[in-house]
Every structure is written in C-alpha cells, then in structure tokens.
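Trainee: Can you read through this structure? Questions will come right after.
The values are calculated or read from the model by the stated rules, or taken from the named source; none is laboratory data. This structure is a prediction, so every number in the text was calculated from the model and none was measured. All Cβ positions, glycine included, derive from the backbone under ideal geometry; neighbour counts span all protein chains shown. Remember, those area values only see protein heavy atoms, side chains included, never the ligands or the DNA or RNA. Shrake-Rupley method; radii C 1.70, N 1.55, O 1.52, S 1.80 Å.
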Amino acid sequence: MLARKRLATFLLTGTAILSASIVGVNSFLYTVRGGHRAIIFDRLQGVKQDVKGEGAHLYIPILQKPVIFDVRTTPKNLVTETGSKDLQTVAVTLRVLYKPAENKLPDIFSQYGKDYAERVLPSLANEVLKAVMAQYDAGELITQREVVSREIRESLTDRSRSFHILLDDVSITHLSFSQEYTRAIEEKQVAQQEAERARFVVEKAQQQARAAVIRAEGESESARLITEATLDYGPALVELRRIEAAREIAQTLSKSRNVIYLPREGNMFFNIPPK
C-alpha cells in the first residue's frame, strides 16, 4: 500500500514537472504563420536585422518581443482630389496591390512602424497624382486614360520602392469631375447631337430640292419631245399613246380578283334569253 502511494506521488510530481517544462519552453517560443515574417525587438539592442521565416522560433520573454509582418500582396484603395491642366477638379480612386520588401522589414519597422502602408502610400499617391494629372486636360484624362494610368503606375512604383514598398499593380478604378464640368459635357453632347440633326435636315432638303429640279427637267424634256413628235407625225402619236395606256389598264384589271366582267346582253344569273 505504501509503495503504491509513493508511486502515485512520483507520477504526479513527474507530470507536474513535465507540464511546467512544456509551459516554460512554450513561453520561449513564437510561431510565424504562412505568408508572414518576423523581426525581433530587443530592449537592450533595439531592432535586430535578422528576418525570421515561417515556423517556430526562440526568443527571450520580457527582454525580447517578436513583431509579425504580413508579406502577402494586399489590396488598398487610395482616394484623392487634384486639378487637371485646364484647372478642372478631378476625383481619382486608385487600387494598389502592395507588399513590403522582406529583407527591409527591420528598416520599415524602425522608420514607419507596422502600419507603414497607412503612413506612406496615401501621401505618395497624392503627390504622384497631382504631378501626373496636372499634365493633361480633363478631356485628355478620359480619352487617354490608359496612358495616364501607366504613367501613374510607373511613377508611384518608383517612389514606393524608395520606402521599401513593392507594388504589384496600380490602376485607376474611378475618375470623376465636378458637377459643373459634367453638366457642361452633357450640354456639349446635346448641342452636338442637335447640330448633327440640323445638318441631316439640311442635307435632306438639299437632296429633295435637287431631285425636284431633276424631275422638272425630265418632265420639261419629255414635254418638248412630245411636242416635236406631235408636230412631225400629227395626232397619230397621241392615239398610239392612248392605245398603250388602255392596254396597260386592261392588263392590270385582268389580274385583279375584284373585277367581274358582265355580258352586255343576257342574264348572268338565269340562262333566260332576253325578251
């Protein structure tokens, strides 16, 4: 009985020591998840230059603190208002896909902190947009949107690289102007449509007038030829034209289902000879 009590006491003590050891070891470990990197802030030495990859790593509690960064590509919308070359107010929305330069994470943390994107990207986007938009008129911003977007992407990518931020993509998702300019564009479009409609009406009238002149000239020429033929051949020409017209009328009537021919004599309903 005593042996069993001693064995139970030994097992409990061993379990407690093992649990304490596991807890103690875990307190010296931190885990870096997939798509993340870590740096160590040391209270004595400051930010260490080593970048820790995925997995479990050791650190000294109280003296050291791990700082985890997400290094996956992250989308962000940047909204700003600027002016065009012709002094029109333009509201622009940019969508950027960014990530930090992994080997520069210690510098990023030391200079800008973990919220580096919030501190750096809005001011850079505002600077680049003002510089690029000022080179184009409002109309050119619409017609040359791809060119403007490419120039913004190149400029913003270069500026961000100096802050250790890598941009995978930059694109204009929204571009709008002031209400006054939008109203002026709409009025201009309406005026152009009305001008096109008026031009069509004028051209149609000109075509109709030209057709009337040609038709009148043709009728005049026809009348002249008929007059000359009448003088040369007498009333025989008129009689010939009358016969031709009568023939055409007879052919047309013969093809119609609504025409019934009645005999001049007799009864068409009863075969009774007339009295």
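Trainee: Given R₀ = 51 Å, FRET efficiency for Gln144-Arg197 by Cβ-Cβ distance, to 0.05?
Mentor: Step by step, r from the Cβ atoms, then E = 0.95.
Trainee: Over the range 72-129, with every protein chain in place, what whole percent of the accessible area is carbon and sulfur at 1.4 Å, could you tell me?
Mentor: Solvent-exposed carbon and sulfur of the range 72-129 make up 45 percent of the total.
Trainee: Just need log10 I(q)/I(0) for the range 85-153 at q = 0.12, 0.14, 0.22, 0.27 Å⁻¹, Debye formula, equal scatterers on the alpha-carbon atoms, no solvent, rounded to two decimals.
Mentor: -0.43, -0.55, -0.94, -1.24
Trainee: Given a Förster distance of 51 Å, report the FRET efficiency between Asp169 and Asp42 from their Cβ-Cβ distance, rounded to the nearest 0.05.
Mentor: 0.90
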